[in-house]
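> Okay, handing you the structure first.
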Amino acid sequence: MNDPRPALPACVVNCAAYDRAGLRRDISLAQISDVLAVDDGSFVWVGLYEPHESLLDTLQEEFGLHDLAVEDAHNAHQRPKIETYGNSLFIAAHTAQEVDGHVRFGETHLFVGPRFLVTVRHGASLSYAPVRQRLERDPEMLAHGPSVALHAVLDFVVDNYQPIVSAFGGELDALEHDVFAETYKRGTIRKLYELRKELTLMRLAVAPMQDILSQLMRSPAILIPDEVRPYFRDVEDHAARVRDTIDTQREMVSAAMNVNLSLVTVAQGEIVKKLAGWAGLLALPTLIASWYGMNFAHMPELDKPYAYPLLIGTVLLACVVLYRYLRKVRWL
């Protein structure tokens with residue numbers, strides 16, 4: 001069967017118009033201006049993944065996007081932020097995804113207007129297709145316009161932080177057993193450092209997201225209707241909880257690193273004490289025996305028949321006493 005949907009470039013994941021009832025209609029990029037020309041309460045949602053510059057220039061003409069916003073979207077290394085350009089918003093948010101046991105970070109740039117939403121994904125980022133499908137099953141929500149779609153995308157981004165942070169917690173629990181292990185493992189401190197590094201990068205992604213949501217919730221901009229603002233407050237609460245969890249885990253990792261280094265220092269001290277104890281035990285007979293290694297002509301003990309056995313017994317007794325004392329003070 002022939003696909004009735006319009007042919008789109010490979011980097012265009014989605015291009016659809018939603019009417020005032022929240023019903024979807026697939027359109028081509030060239031039809032965007034036709035949809036926006038009719039003031040019927042509909043809006044357009046375009047989803048892109050790593051688009052080329054010419055495509056962004058085309059969308060700039062279709063939606064009337066600001067030059068600075070489009071320039072930021074060309075570059076995939078933007079700090080998380082929200083900017084207002086006339087009657088539209090530009091939002092840069094960091095995304096996170098676990099790939100091969102490591103966290104990879106990407107970006108999503110969002111252009112929001114009274115009748116459009118454009119999402120531009122770069123790097124590690126999950127598709128927003130599940131978000132669209134969930135909203136399309138609830139057309140009454142979509143009828144509120146692009147602000148609902150914006151909320152759904154940001155909520156999806158924040159929700160994807162949670163399993164990554166939970167995985168960090170499991171990794172930290174496993175490393176705590178290595179920290180208190182009897183034998184020192186050099187790899188433990190390296191893993192703790194790498195975990196703290198990833199937690200720091202996660203915080204750099206989550207903390208600005210909380211600020212973005214706060215501005216969206218409290219901004220007097222007409223793009224966010226009053227009935228939609230509580231939904232952004234809910235996402236802000238989720239972001240705050242993720243950030244608090246990250247902060248707690250960072251403190252625990254720092255404490256684990258300090259404890260690990262302290263235990264290593266204590267273990268080294270114990271080894272030095274044992275070596276010093278055995279050195280003392282060896283030094284005592286060595287000191288006594290060294291007297292008999294000197295070339296004296298007359299030593300009072302040499303002409304006594306039991307002098308040698310008594311000397312050996314005295315040395316052994318002194319060593320036993322010293323050994324018991326060192327065991328008592330836990331140097332051996």
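> Could you tell me what percent of the accessible area of segment 125-284 is made up of carbon and sulfur, with a 1.4 Å probe and every protein chain present?
On segment 125-284, the fraction of accessible area on carbon and sulfur atoms equals 58 percent.
> Which whole-percent values make up P(r) of the chain when all C-alpha to C-alpha distances are grouped in 10 Å steps starting at zero?
Spelled out bin by bin, the chain gives 5, 20, 21, 13, 9, 7, 6, 5, 5, 4, 3, 1, 0 percent.
> Carbon-plus-sulfur fraction of the accessible area of segment 6-110, 1.4 Å probe, in percent?
Result for segment 6-110: 47 percent of the exposed heavy-atom area is carbon or sulfur.
> How large is the helix-only mean residue ellipticity at 222 nm for the chain, computed as the sum of -39500 (n - 2.57) over DSSP H runs with n ≥ 4, divided by its residue count, in deg cm²/dmol to the nearest 500?
-19500 deg cm²/dmol
> Is the shape of segment 74-147 best called rounded, prolate or oblate, per the rule: a/c under 1.5 gives rounded, else a/b larger than b/c gives prolate, else oblate, with a ≥ b ≥ c the square roots of the Cα gyration tensor eigenvalues?
Details: a/c = 3.26, a/b = 1.27, b/c = 2.57.
Because a/c hits 1.5 or more and a/b fails to exceed b/c, segment 74-147 counts as oblate.
> Under 19 Å Cα to Cα from residue 273, which lysines show up? Leave out anything in the same chain fewer than 8 places away.
By straight Cα distance, residue 273 reaches 328.
> Treating only the Cα positions of segment 37-93 as identical point scatterers, give the base-10 log of I(q)/I(0) from the Debye formula at each q in 0.17, 0.19 Å⁻¹.
-0.62, -0.77
> Now for a separate question. Translational diffusion coefficient, Stokes-Einstein: compute it for segment 7-67 using the Kirkwood radius over C-alpha pairs as Rh, at 10 °C and 1.306 mPa s, and state it as an integer in µm² s⁻¹.
Roughly 131 µm²/s, to the nearest whole number.
> Give the calculated FRET efficiency between residue 312 and residue 276 to the nearest 0.05, with a Förster radius of 30 Å applied to their Cβ-Cβ distance.
According to the calculation, E is roughly 0.75.
> Please check the chain for the longest run free of GluC sites (Glu not before Pro) that are loop-located per DSSP (anything but H, G, I, E, B) and have at most 10 other Cβ atoms within 10 Å.
After excluding every exposed loop site, the longest remaining stretch is 1-181.
> Read phi for every residue in segment 81-91 and hand back ³J(HN,Hα) as whole Hz from Karplus 6.51 cos²θ - 1.76 cosθ + 1.60, θ = phi - 60°, with x for Gly and Pro.
Working through the residues one at a time gives 6, 9, 10, 9, 10, x, 9, 9, 10, 10, 10 Hz.
> Would you kindly work out the equivalent ellipsoid of segment 1-105 from its C-alpha gyration tensor and give its semi-axes, the square roots of five times the eigenvalues, largest first in whole Å?
The three semi-axes for segment 1-105 are 26, 20, 14 Å.
> Now for a different question. Would you mind working out the accessible area per residue for segment 93-191, using a 1.4 Å probe, and quoting it in Å²?
Result: 44 Å² of accessible area for each residue.
> Hey, what's segment 223-283 come to in accessible area per residue, 1.4 Å probe, Å²?
57
> Near the amide H of residue 14, under 5 Å away, which other amide H atoms are found, from residues 5 or more places off or on another chain, if H is placed in the peptide plane?
47
> Count charges around residue 80 for me, please; just the other residues with Cβ under 10 Å from its Cβ, Lys/Arg as +1, Asp/Glu as -1.
Cβ neighbours under 10 Å give a net charge of 0.
> Find how much the distance from residue 102 to residue 259 grows on full extension, using 0.36 nm per residue of separation minus their present alpha carbon separation; answer in nm with one decimal. The partial results should precede the final answer.
Working: separation 157, 0.36 × 157 = 56.52 nm, distance 2.51 nm.
Additional length available on full extension: 54.0 nm.
The values are calculated or read from the model by the stated rules, or taken from the named source; none is laboratory data. Computed from a predicted structure; not experimentally measured. Backbone-built Cβ (ideal geometry, glycine too); neighbour counts: all protein chains shown. Heads up: the accessible areas ignore ligands, DNA and RNA and are worked out on the full protein's heavy atoms, side chains in. Shrake-Rupley method; radii C 1.70, N 1.55, O 1.52, S 1.80 Å.
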